[in-house]
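The values are calculated or read from the model by the stated rules, or taken from the named source; none is laboratory data. Note that the structure is predicted; figures quoted are calculated from it, not measured. For neighbour counting, all protein chains shown are included, and Cβ atoms are generated from backbone atoms with ideal geometry for every residue, glycine included.
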Amino acid sequence: MTTTDGLAGVREHYGATGLTERLKAALGPEDRRLTPAELAGLDQFHTRGLAATAELATLAGIAADTAVLDVGAGVGGPARFLAATYGCRVMGVDLSAPFVEAARYLTERTGLSGQVSFETASALALPFDAARFDVVLLQHVAMNIADRARLYAEMRRVLKPGGRFATFDVVLASGAPHYPLPWARTPATSFLLSAAATRAAVEPAGFRALAWQDDTEAAKAWIAQLRAAGPPPSLNLGAVMGPDFGQLAANLARNISEGRLGILTAVFAAASIDT
Ligand SMILES: C[S@@+](CC[C@H](N)C(=O)[O-])C[C@H]1O[C@@H](n2cnc3c(N)ncnc32)[C@H](O)[C@@H]1O
């Protein structure tokens, strides 16, 4: 891997020193079981939170017997939601070791460790055999990845033929974004593509689009709703990303409202390897 792929900078951005200890302090007595819904303010690290995960799961056709891989799983909120809602098994991988440690801790606290597990790994070198999963999710991760051809080829490799790749991402719309942003404090670790360029990168890896949605207006409505609701809940992503998270999120909202960034939901079917 080259030094221009940004992985070291991305790891540093999500470095989150002492994250699990901070979460322990914020979440109170260890013997109290937590629910995925109660954690949603801090463990759904993407635009439109839990609602976006629920919609993506429906579009991807997840059911109890679906083997799911969540790539760039963060602190594991989407994986826990899927396991709790559908009864499926979910494997999550993330580049950030502190996020994986926190994901395991939160999964214990929600009693879901039998169904959900996490490993520290790069999306560009997934530690799994080929054709292992029915669905691969990628939510708000591709913006951190320069080598999209390799990323989407890895998704395809680990999917069974006919499996689904479901992605929910921030995309370039018009004009340069303002930084810092939730996934990158500077442009050095941000590798945004337009929606059209994303599709042009995904399809040659062996995928056919099943669903393609511009969710920018839905994101604008969500941002307006958050503003109207006043101060954030006490359990929010500041606990994960630090005290400047409000500024990072405000810049994302500004970029979306100024038409610089958009939000894309897409689901693709994996073609058979030899087609
Ligand atoms: C904005 S967060 C989204 C987390 C999660 N998908 C969610 O929606 O809650 C981006 C995540 O992608 C992870 N990530 C970025 N680049 C990665 C890579 N090359 N391999 C694996 N994970 C990566 C980061 O560590 C971070 O946890």
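Kindly check whether there is at least one residue in the range 47-67 that is aliphatic (A, V, I, L, M) and part of a strand (DSSP E or B).
yes
Got a sec? Which helices (runs of 4 or more DSSP H) wholly within the range 172-275 have at least 1 residues that are more than 18 Å from ARG156 (Cβ to Cβ) and aromatic (Phe, Trp, Tyr)?
Ranges flagged: 216-229, 245-257.
Out of GLY15, GLY28, which single residue is away from the ligand (no atom under 13 Å from the Cβ), more than 14 Å from the chain's Cα centre (by Cα), of a type outside the set (D, E, K, R) and surrounded by fewer than 18 Cβ atoms within 10 Å (Cβ to Cβ)?
GLY28
Considering only residues that are touching a strand residue (DSSP E or B) at 6+ places or on another chain (Cβ under 8 Å) and not β-branched (Val, Ile, Thr), look in the range 95-116 and name the one that is nearest to ASN144 (Cα to Cα).
Looking at residues that are touching a strand residue (DSSP E or B) at 6+ places or on another chain (Cβ under 8 Å) and not β-branched (Val, Ile, Thr), I get LEU95.
Find the residue count for the range 84-129, including only residues that are among the polar types (S, T, N, Q), part of a loop (DSSP other than H, G, I, E, B), out of contact with any Gly (no Cβ under 8 Å at 6 or more places or on another chain) and within 12 Å of the ligand (Cβ to nearest atom).
Residues that pass the stated criteria total 1.
Just to be sure, is GLU12 in contact with a helix residue (DSSP H, G or I) (Cβ under 9 Å, 6 or more places away or on another chain), more than 16 Å from PHE99 (Cα to Cα) and not basic (Lys, Arg)?
Judged against the criteria, GLU12 is not a match.
Anything in the range 117-142 that is in contact with a strand residue (DSSP E or B) (Cβ under 9 Å, 6 or more places away or on another chain), closer than 21 Å to PHE168 by Cα and hydrophobic (A, V, I, L, M, F, W, C)? List them, or say none.
Correct list: PHE118, ALA121, ALA123, LEU126, PHE133, VAL135, VAL136, LEU137, LEU138, VAL141, ALA142.
Write out, first by first residue and then by second, each pair whose Cβ atoms fall under 8 Å of each other, whose residues are 6+ apart or on separate chains, and whose first residue, in the range 181-192, is among the aliphatic types (A, V, I, L, M) while the second is part of a loop (DSSP other than H, G, I, E, B) and modelled with pLDDT of 95 or more.
Listed by first residue and then by second, the contacts come to LEU181/SER190; ALA184/SER190; LEU192/PRO177.
Considering every residue within the range 229-244, establish whether at least one is acidic (Asp, Glu) and over 25 Å from GLU38 (Cβ atoms).
Checking the range 229-244: not a single residue is acidic (Asp, Glu) and over 25 Å from GLU38 (Cβ atoms).
Looking at the structure I just gave you, is PRO177 at pLDDT 95 or above and over 14 Å from the mean Cα position of the chain (by Cα)?
Yes: the conditions hold for PRO177.
Going by what's in this entry, would ALA253 be described as more than 19 Å from the chain's Cα centre (by Cα) and either surrounded by fewer than 12 Cβ atoms within 10 Å (Cβ to Cβ) or free of Cβ contacts under 8 Å to residues at least 60 places away in the same chain (or both)?
no
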